[in-house]
Amino acid sequence: MNAAIIFIILTVLMLTGMPVSISLGLTVLTFLFGFTDVPLESVALKLFTGIEKFEIMAIPFFILAGNFLTHGGVARRMINFATAMVGHWYGGLGLGGVLACALFAAVSGSSPATVVAIGSILLPAMVKAGFPNKFGAGVITTSGALGILIPPSIVMVMYSVATNTSVGALFMAGVVPGLVLAAVLGGVTWWRARKYNYPRLPKASWGERWMAFRQSVWGLLLIIIVMGGIYTGMFTPTEAAAMSAVYAFVVAVFIYKDMRLKDVPKVLLNSANMSAMLLYIITNAVLFSFIMTNENIPQALADWMLGNGLGVITFLLAVNFILLLAGNFMEPSSIMLIFAPILFPVAMKLGIDPVHFGIIMVVNMEVGMCHPPVGLNLYVASGITKMGITELTVAVWPWLLAMLGFLLVVTYWPGLSLWFPRWLGML
C-alpha cells in the first residue's frame, strides 16, 4: 500500500510538468509528513551521508572533460581519422560517424556530448556529400548513445552510487558490449548504404591514415590514460576523471589551440550548471531511495517474486519492460537513481551479478535516449539537423531495432559483459 501511495504521488507531480528532481523531493516530503513517523533529523543525516561519496566527484570532472573536448577540436580530428580508416566502404561517412562516436564516447562519458561533438561536424558534411538527411540523423543519434556504454560513463557512476558497485569493474564491463554495439550499428549503416547505393569516399593511402592518426593521437591518448590508469591501479575512477579534465584542458588550449584561454571560464560555467543539475537529482534520489528502503519496498518485491516462483528470465524481461517504459518519460540519470535501488535487491536475491545488472540498465538507458517523447539524443540531433522529432523518430528506427536486439543479447548472455573484467581480475 505504501509503495502505491509513493508512486501515485510521484506520478501526479510528474504529470504536472514538474522537473523529476523536484517531484522526487516533494514526494519524499509529502510521504514523510503524511504517512510516517520518521524523524526529520534522520532524513537530514541520510541526505548528508548519501551524497558524501567519493565516486560522485567523478561526475563534474567527466562533464568538464567532455566540454573541453567538444569545444577543443578533438572531435574534428577523430572524425578525420575515422573516415580515413573506413570512408571507402559503403556509406563511408556514416561508418566514419559510428567509429568517431565510439572513439569520442571513450573520452567523454556523455551521450548528448557525443551527438553534439560528432553530429555538428559530420552531419553537414554528409548532406553535402549526397547522403539523405534522415540517414545521417539516424546514424549519429543512435551511435551517440555509445557515450554512456563505452567507458568512462557518467550513468555508470550513478549506478555505482545507487548500488555501491565497483565503478572500475563497471567501466571494464562496458568495453566489450560497447564495441559489439558499435559493430552492430556500423553493420546496419553499411547494409542500408549498400542497399541504397549511398556515396563512398576515395580510399585513403596509408600515409594519409598515418597523418590523420598523428593529428588525433592527443585525443586518443586520453582513452589509454583513463582506462590504463584504472586497470593498473594508478588511480581510482574518480581520480581518472580529474586527470581527464586536466588533460582535456591542456590538449584543447595548449596543444591543438582550438580554444582560447578567455573561452575557458564559459566552459567552466556550463560544466558547473550541468553538474549542479545532476547533483540536485542525485540529492533528491538519495532521499527517495531512503524512503523506499525504510518502508521495505524492495525487499517485499523480492519476496513476492520469489514466492511466486518468478525466475531470472522473467525478472530480467520485466526489468527491460519497466526501464524501456520509463525511458518514455524520464532521462537516464533519473531512471537510474529511482529504479536501481528498487530493482537491485531483487536482482541480488536471484543471484544476478551486480556488474552485469548494471550493464543491462545502461543499455536500456541507451535505447531510451533514442526514442520519443523525451529521448535526449533525439532533441540534440533535432537541433543540429533542423528535423522534427516525429521525422527523426522514423529515421532512427532501423538502428533502434538493432539496439533492441542487442539489449536481449546483453540481458541473457552475462559473459558478454563479465568476460573482460574477469580476465583482468576485477571480479
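The values are calculated or read from the model by the stated rules, or taken from the named source; none is laboratory data. Since we're looking at a predicted model, the values are computed, not measured. Keep in mind that these areas ignore ligands, DNA and RNA; they rest on the heavy atoms of the full protein, side chains included. Shrake-Rupley method; radii C 1.70, N 1.55, O 1.52, S 1.80 Å.
Taking a 1.4 Å probe, which of TRP399, TRP304, TRP218 shows the most accessible area, and what order do the others take after it?
In descending accessible area the options line up as TRP304, TRP218, TRP399.
Does anyone have the angle between helix 133-143 and the longest principal axis of the chain? Alpha-carbon axes, 0 to 90°, nearest 10?
It is inclined by approximately 50 degrees.
With θ set to phi - 60° and the Karplus curve 6.51 cos²θ - 1.76 cosθ + 1.60, what are the ³J(HN,Hα) couplings of the stretch 68-79 in order, to the nearest whole Hz, using x for Gly and Pro?
4, 5, 5, 9, x, x, 5, 4, 4, 6, 5, 5
Order TYR231, TYR90, TYR256, most accessible first, counting only protein heavy atoms with a 1.4 angstrom probe.
TYR231, TYR90, TYR256
Pick from ASN294, ASN308, ASN284: which residue has the top mean-square fluctuation in a GNM of the chain where Cα pairs under 10 Å get a spring?
For the chain, modelled as a Gaussian network with Cα springs under 10 Å, the answer is ASN308.
For the stretch 169-324, what is the Kirkwood estimate of the hydrodynamic radius, computed as the reciprocal of the mean inverse distance between distinct Cα atoms, to one decimal in Å? Provide the component values of the computation, followed by the final result.
On the way: mean 1/r = 0.0469 Å⁻¹.
Kirkwood radius, the stretch 169-324: 21.3 Å.
With a 1.4 Å probe and every protein chain left in place, work out the accessible area per residue of the chain in Å², rounded to a whole number.
41 Å²
Counting only Cα, what are the radius of gyration and maximum Cα-Cα distance Dmax of the chain, in Å?
In Å, with Rg to one decimal and Dmax whole: 21.6, 72.
Of all accessible surface on the stretch 96-200 at a 1.4 Å probe, what whole percent is carbon and sulfur? Numbers along the way, then the final one.
Details: 1770 of 2840 Å².
So the carbon and sulfur contribution to the accessible surface is 62 percent.
Using only the alpha-carbon atoms, how far is helix 206-232 inclined from the longest principal axis of the chain? Give it as 0 to 90 degrees, nearest 10.
In the chain, helix 206-232 runs at an angle near 20 degrees to the longest axis.
May I ask for the equivalent-ellipsoid semi-axes of the stretch 166-219, computed as the square root of five times each C-alpha gyration tensor eigenvalue and listed largest first in whole Å?
28, 22, 6
Leaving ligands, DNA and RNA out of it, work out the accessible area of TRP397 with a 1.4 Å probe and give it in Å² to the nearest 10.
Estimated to the nearest 10 Å², TRP397 gives 110 Å².
How big is the accessible area of PHE33 in square angstrom, nearest 10, if you roll a 1.4 angstrom probe over the protein chains?
140 Å²
Using only alpha carbon pairs under 8 Å that are at least six residues apart, calculate the relative contact order of the chain and give it in whole percent. The partial results should precede the final answer.
On the way: 648 pairs, mean separation 106.0, N = 427.
Over the chain, the number comes to 25 percent.
Roughly speaking, to the nearest percent, how much of the stretch 1-93's 1.4 Å accessible area is carbon and sulfur? Write down the numbers at each step before the final one.
Numbers: 3140 of 4400 Å².
Accessible surface attributable to carbon and sulfur in the stretch 1-93 totals 71 percent.
How far, in degrees from 0 to 90, does helix 414-423 lean away from the longest principal axis of the Cα atoms of the chain, to the nearest 10?
It is inclined by approximately 80 degrees.
So if each residue of separation counts as 0.36 nm, and I subtract the Cα-Cα distance between ALA300 and SER42, what length gain in nm does that give?
My answer for the length gained is 90.6 nm.
Go ahead and set up a Gaussian network model of the chain, Cα springs under 10 Å, then flag whichever of VAL312, VAL355, VAL107 fluctuates most.
The residue with the greatest mean-square fluctuation here is VAL312.
Sorted by accessible area (1.4 Å probe), largest first, how do MET348, MET365, MET234 line up? Don't skip to the answer; put the middle values down first.
Working: MET348 65, MET365 5, MET234 140 Å².
Largest to smallest exposure gives the sequence MET234, MET348, MET365.
Please list, in chain and number order, the residues 5+ apart from TYR198 or on another chain whose amide H is under 5 Å from its amide H, with Hs placed from the backbone.
GLY91
Report, to the nearest whole %, how much of the accessible area of the stretch 307-403 belongs to carbon and sulfur atoms, 1.4 Å probe, protein only.
73 percent
So what does LYS53 come to for accessible area, using a 1.4 Å probe and Å² rounded to 10?
Here the residue's solvent-accessible area equals roughly 60 Å².
Build a GNM of the chain with springs between Cα atoms under 10 Å: which of LEU378, LEU220, LEU401 gets the top mean-square fluctuation?
In the Gaussian network model the winner is LEU401.
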